[in-house]
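Here's the structure we're looking at; comments come further down.
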Amino acid sequence: MPSDSMPALPVSPDSAAAPSHVAANQDIESTLRENRVFPPPEEFSALAHVKSLEEYEALYAKSIADPEAFWAEAASDLHWFAKWSKVLDWNLPLAKWFVDGKLNLSYNCVDRHALGALADKTALIWEGELTLVDESGVGHSHIRKLTYAELHVEVQKFASALKALGIQKGDRVAVYMGMTPELAIALLACARIGAIHSVIFGGFAAQAIADRVNDSQCVAIITQDSSYRRGGEIPLKTTVDGALLLTPSVKHVVVYQRSGTPVYMQAGRDHWWHELTAAADPVCPAEPMDSEDPLYILYTSGTTGKPKGLVHTTGGYSVQTYLTTKYVFDLQNPNHPNDVYWCTADIGWVTGHSYVVYGPLQCGATVLMYEGAPNFPDFSRFWKIIDSHQVTIFYTAPTAIRAFIKWGDEHVEKHSLASLRLLGTVGEPINPEAWMWYRDKIGHNRCPIVDTWWQTETGAILIAPIPGAVPTKPGSATRPFFGIEPEVVTREGEKVPAGSGGLLVVKKPWPSMARTVYGDPERYQKTYWSDVEGCYFTGDGARQDADGYFWLMGRVDDVLNVSGHRLGTMEVESALVAHPKVAEAAVVGRPDDLKGQAIVAFVSLESSVTAALATASGDSVANLAALKDELKRWVAKEIGSLARPEEIRFTDALPKTRSGKIMRRLLRELATHGSIQGDTTTLEDFAVIAKLREAEEG
Ligand code: PRX
């Protein structure tokens, strides 16, 4: 963030000098020192589920002393068709939670409320990005609301429609949609009949969709004609059509009509959502699912190879998403019956699964969903939404907060924001100054902030403050959730002293942990359960301070975090190498004020291309610039625009160890500082570095 766009903030003397919150990826060294502490506001604590630090500590101690009893008690809040016979069956790395229990997450999200006291409570409030203009030319916000009773009807109709297509329990169904109520309905309908959904973020390109669909052999894709973003139309069905050329397993495509823009519909394969549901049975009982039946697959990036399809199962995931939502967001709180909860994440990511759909609906909350961009039609869209729907709980990403800061306080200050009582962040470490801005400008120093640390793999929050109880420190995710035992250790698995950096691991299984990588249990074991013996390894570096607070320091592996989205360096490299002009590529992340990390790609070209460029007529700088643009567009086309490199640097060769491993650390330093300070003794060819430096200077 350029300092001139940063509002003046109260800075304690110690933190003024605080450098980056993300430590060097290789040497886990903690550099952040932040001393501000904010106790929960008294008015908040008085009405919260957990009201004091002592209460949190007592509950935490109890949950750790007997985690199975703790989780069993939480599970009892939900509806089970048959009770479990055993809470946990643990045989590292294989966990079974609530063994033999039978339940249905769609039932717990919808039926339980629709058939009970909350039938007429609003379950979903949806706001479209575009304004609707009426006959007299007056513009209105495009809003749809569904009560729990209405949601119940819609979910049953769509579940019946899926069944009528022949989709059965255990079938995999891909979902590629924009943020519409139908997206939530699609998930709940799949869960209802036991189909395993695999949501693919709407920003992914055809090839990335096809890879995911093929990996889990999806039999159907649910999509929509197009969605809206920043006023433009995103042609989702057309992109799916491209993927469908490569996905023989797909027998049916269901298309929700959002925009009405004509799309190609293949007879027999493609069906309109509204036509299927009009003909569908409005009654579709929820299928009793085994606790360990798969609920969904969600693909995420790892260090090597193609994205991994993490598999989440039913019972443990239901219980932990329910309980974390209740305690971390203080939902289902009888003192706050009119809460309106808004998590800005797209349902294409795990945050949207757990904290837009499954967690809050299990809590019987009113959930707000917004279709579009925060800066459309202007920079104050989010604040307008908060005021007009009286949002009380707001959960967003640090990258968004940094953008709000950049856009200027005037867009925020026009709005009251008086309805807010709790704020949250997720997805990446939040820098203390952004945290302070959030607290001041959005929370008016009255709302606690919950910085929630977790991952696609963990399914639910593992580290976050319980807002009425745990004092917060800007930039720290604070203390573990009940039943969770994280630790910071050396590579050998020894606990590091307070204040030192190390690897973040989790020592015991937890209910919502992913059970496997789809089709590749070995990869699951190898990636998460072999680095530190007996522990789940998160891939993150962290330190714990003397008060037991966790400070996340970013990834210690080659996973990038761009605007809170995970991308493997390998994925971008593979896309680049697939371009006919590219011989080799190495991708690294460079710290970026707005996005957290920006992608820098070092590319060596095929020698014929280099030769042709050297002899080409015209401006060689312009030729190179055109090629860089071509490669950036190529990556966006292959993976999606979220993976588009910020910068491409051409180089004759890449620095490698003698064993042939690309030395990304050197490239990272070069991309960040323009120079290399570290140890280069394992380098194969020192001249490469000199050339890279020249390329950088030239
Ligand atoms: O590096 C951590 C970072 O995001 C990674 C998980 O990414 P993903 O699976 O896409 O899930 C994101 C939403 C849960 C983590 O390994 N991360 C997530 N939350 C935080 C965070 N880093 C620091 N602080 C957080 N609160």
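Every number in this text was worked out from the coordinates using simple rules, so none of it is lab data. Computed from a prediction, not measured in an experiment: that's the story for all the values here. When we count neighbours, we look across all protein chains shown, and the Cβ atoms used for this are built from the backbone with ideal geometry, even at glycine.
A compact table of results
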| read-out | value |
| --- | --- |
| Stretch gain in nm, segment Ser620-Asp547, where the contour uses 0.36 nm per residue and the Cα spacing is subtracted | 20.5 nm |
| Mean projection area, nm², convex hull over Cα of the range 107-287 | 10.9 |
| Magnitude of the charge dipole, the chain, Cβ model with Lys/Arg +1 and Asp/Glu -1, debye to 20 | 720 |
| Relative exposure of Leu47, Leu420, judged by other C-beta atoms within 10 Å (fewest first) | Leu47, Leu420 |
| Counted charge near Tyr176, where neighbours are those whose Cβ lies closer than 14 Å (Asp, Glu -1; Lys, Arg +1) | -2 |
| Given charges at Cβ of Lys, Arg, Asp, Glu: the range 559-697 dipole, positive-most of Ala625, Ser659, Val559 | Val559 |
| Residues in the range 437-475 reached by a label modelled at Lys507 [backbone nitrogen below 18 Å; 7 Å Cα→Cβ] | 462-464 |
| Gain on full stretching of the segment that runs from Gln525 to Ser659 - 0.36 nm per residue minus C-alpha separation | 45.7 nm |
| Sequence-separation-based contact order of the chain, relative, with Cα cut under 8 Å and 6+ spacing, percent | 14 |
| Neighbour net charge for Cys363 - beta-carbon separation under 11 angstrom, K R +1, D E -1 | -1 |
| Within the range 493-542: Cβ-based charge dipole about Cα centre, in debye rounded to nearest 20 (Lys, Arg +1; Asp, Glu -1) | 180 |
| Three-way shape label, the chain, alpha-carbon gyration tensor, a/c 1.5 | rounded |
| Packing-based exposure ordering (other Cβ within 10 Å, fewest first) of Glu42, Glu487 | Glu42, Glu487 |
| Estimated vicinal HN-Hα couplings, Hz - the range 423-439 in sequence order (Karplus 6.51, -1.76, 1.60; Gly, Pro = x) | 10, x, 9, 7, x, 6, x, 9, 6, x, 5, 5, 4, 5, 5, 4, 4 |
| Rounded Å value of the spacing that divides the Cα centres of the range 122-196 and the range 370-445 | 26 |
| Gained length - Thr261 relative to Ala46, 0.36 nm times residue gap less alpha-carbon distance | 72.2 nm |
| In sequence order, calculated HN-Hα J values of the range 78-89 (Karplus, 6.51, -1.76, 1.60; Hz; x Gly/Pro) | 9, 8, 10, 6, 9, 6, 5, 9, 8, 6, 9, 10 |
| For the range 538-578: relative contact order, % (alpha-carbon pairs under 8 angstrom, 6 or more apart) | 26 |
| Local electrostatic count at Ala498 - Lys and Arg +1, Asp and Glu -1, tallied over other residues with Cβ under 11 Å | 0 |
| Size of electric dipole in the range 107-287: Cβ of Lys, Arg +1 and of Asp, Glu -1, about Cα centre, debye, nearest 20 | 400 |
| Rounded to 5, the percent of DSSP beta bridges in the chain classed as antiparallel | 60 |
| Packing-based exposure ordering (other Cβ within 10 Å, fewest first) of Thr351, Thr147, Thr277 | Thr147, Thr277, Thr351 |
| Contact order normalised by residue count of the range 558-603, Cα under 8 Å, 6+ apart, percent | 38 |
| Farthest toward positive dipole pole in the range 107-287 [+1 Lys/Arg, -1 Asp/Glu at C-beta], among Leu124, Ile221, Tyr256 | Ile221 |
| The chain: DSSP helices with Cα axial extent of at least 15 Å and average Kyte-Doolittle hydropathy no lower than 1.0 | 181-193 |
| For the chain, with +1 on Lys and Arg beta carbons and -1 on Asp and Glu, the positive-most of Ala514, Gly427, Ser388 along the dipole | Ala514 |
| CD proxy at 222 nm, helix term only [per DSSP H run n ≥ 4: -39500 (n - 2.57); per residue of the chain; nearest 500] | -8500 deg cm²/dmol |
